[in-house]
Every structure is written in structure tokens, then in C-alpha cells.
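Chemist: First the structure, then my questions, so here it is.
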Amino acid sequence: MAKSKDYQKRFYREWTKDGDLIGQEVIVRETDLFVFAERDIKAIAEKVVKKYRGQIEGYIKKRPEFMESLEPISQDPAARDIIKEMIRTTAFAGVGPMASVAGAIDDFVANELLAYSKQLIIENGGDIFIKSDNIRRVAIYAGDSPLSNKIFMKIKPEDTPLGVCASSGTVGHSLSFGKADACVIIAKSAALADAVATAACNRIREKKDIAPGLEFALSIKGVKGAIAILGKDFGSMGDVELV
């Protein structure tokens, strides 16, 4: 049986091995989450996702630049909290608000779902929120790079909750001005990690850009660690434990 494009896009989900948690897909239009929780919370998660998608869609109708801008926009005191957070975090990174949309949805959905499951992992197109009582390993998928799926990050329970978000100039459909196969950012906020991953990836076009790109990421308050892969070349900085 032929696999759909959506299936191919999310093929990496077959590699997950969190046997102590229940995995459940939560799909609301273009938002496609994979949620690991201590029990089945799919119906609750769908309602929460619809709420935040509605807030974002409604704001875009009122302020189209929120979706279209590739640069930071002015804060709006009257906006919903998820909108304010997207504007705030992307301002730090110097990118447009939608650069943090996946991470922001992870954060805000997780904040509500933690009332139903004290351990929670939410994956949203490679952008991840983690709250765990156990050590987790996160593999880095880097497309055709020979280092793809050969580098793992060790996530300790005491460091969570946190966001682990990736951007790529060679994998996926998201806009990127860089050529890194993977740029991964670890931060306390998934929204911040998402925004900074985009900004750092934009800066990495060849081997000599790896170190400056990682230094830029670590210069932003709230970022704990950064990793970049470009072909056979690799770099990491900050509080990152690799296994």
C-alpha cells in the first residue's frame, strides 16, 4: 500500500520508543502533533489545539503582517497570550512571528495538558516540548547528512520542562535562508527554541558559519544549548549532553 505524503513527512515517528507513555496523534487541519502522555488524552488535546489555532488564525485576519513578516513586529498588549509570546520570542531571534508557531503551540497546549498527565512529550514537525520524570534520548535527523540519526541528546528529568526545536535548510518545507542539515536549539521555552533555531539556521551556509551560528544562539537569554550539522561537519555549544 502506498504511503501518503503526510505519512512520509512524519516517518520518523516510527522510531520513537517511549514505552512508558501512550503515543497519540492529534491532527487539527495543518497542525499535526504526536503526544506522549501517561494516559489517553487525545480528545482533550484536540480541543486545546483547536482553541489556540483559532486564536492564531483570528489574529492573522486582523493583522496579516503577523503571518507575512520575516522580521520582528511590534508587540500588541491587547493580543492573546500565545500571540504575545510568538511576538516576544521572535523579537529576541530577529525573525518573523510565525517562526515560533510550532514551538508556541507545543508550549501552550502542554501547559493545559499537564493537568491530565505529569509527564508529557509533544512533537510538532520536529519541534518538541518535554516534561519527563525519566531520562529521554532525542535523535537528530539531518536528512542526507552522514551524521543523521547518529547523534543523540540526553535529556535529564531535572532539566525539564524544556523545548528542543530544529530548523533545516535541506529538510522539510519551512522557509530557511541557510544550508544546515539541522540546527537544534534547547531552551526552557519551545517557542524560543523554535525561533532561535530558525534564526541560527539562516546564518549557517558553510562550515565556517557553524561556530558563529551557535555563538549567536547562545547569546540569546533562555537558550541552554545549540547543535548544528552541515554535511559531515558538526558543532555543539552550551549545556548539551550527547550520547
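Chemist: If D181 passes every condition in (1) touching a residue at least 40 places away in the same chain (Cβ under 8 Å); (2) under 15 Å from G103 (Cα atoms); (3) not aliphatic (A, V, I, L, M) but one, which one does it miss?
Modeler: Single failed check for D181: (2).
Chemist: Which of the residues that make up region 202-235 are touching a strand residue (DSSP E or B) at 6+ places or on another chain (Cβ under 6 Å) and β-branched (V, I, T)?
Modeler: Correct list: I204, I210, V223, I227, I229.
Chemist: Of the conditions (1) at pLDDT 95 or above; (2) crowded, with 20+ Cβ neighbours inside 10 Å; (3) under 30 Å from E30 (Cα atoms), G222 fails just one. Which one is it?
Modeler: Checking G222 against (1) at pLDDT 95 or above; (2) crowded, with 20+ Cβ neighbours inside 10 Å; (3) under 30 Å from E30 (Cα atoms), the one that fails is (2).
Chemist: Would you be able to tell me the number of residues in region 37-61 that are under 29 Å from G19 (Cα atoms) and free of Cβ contacts under 8 Å to residues at least 40 places away in the same chain?
Modeler: 6
Chemist: Hey, among M98, M86, M67, which residue is surrounded by 23 or more Cβ atoms within 10 Å (Cβ to Cβ) and at pLDDT 95 or above? Outline the logic, then answer.
Modeler: Numbers: M98 fails: surrounded by 23 or more Cβ atoms within 10 Å (Cβ to Cβ); M67 fails: surrounded by 23 or more Cβ atoms within 10 Å (Cβ to Cβ).
M86 is the lone residue from the list that is surrounded by 23 or more Cβ atoms within 10 Å (Cβ to Cβ) and at pLDDT 95 or above.
Chemist: Could you look through region 225-243, keep only residues that are surrounded by fewer than 19 Cβ atoms within 10 Å (Cβ to Cβ) and of a type in the set (A, V, I, L, M), and pick out the one that is farthest from A139 (Cα to Cα)?
Modeler: Of everything passing the filter in region 225-243, M237 is farthest from A139 (Cα to Cα).
The values are calculated or read from the model by the stated rules, or taken from the named source; none is laboratory data. Keep in mind that what you see is a predicted model, and the values were worked out from it rather than measured. Don't worry about glycine lacking a Cβ; one is built from the backbone with ideal geometry, like all the others, and counts go over all protein chains shown.
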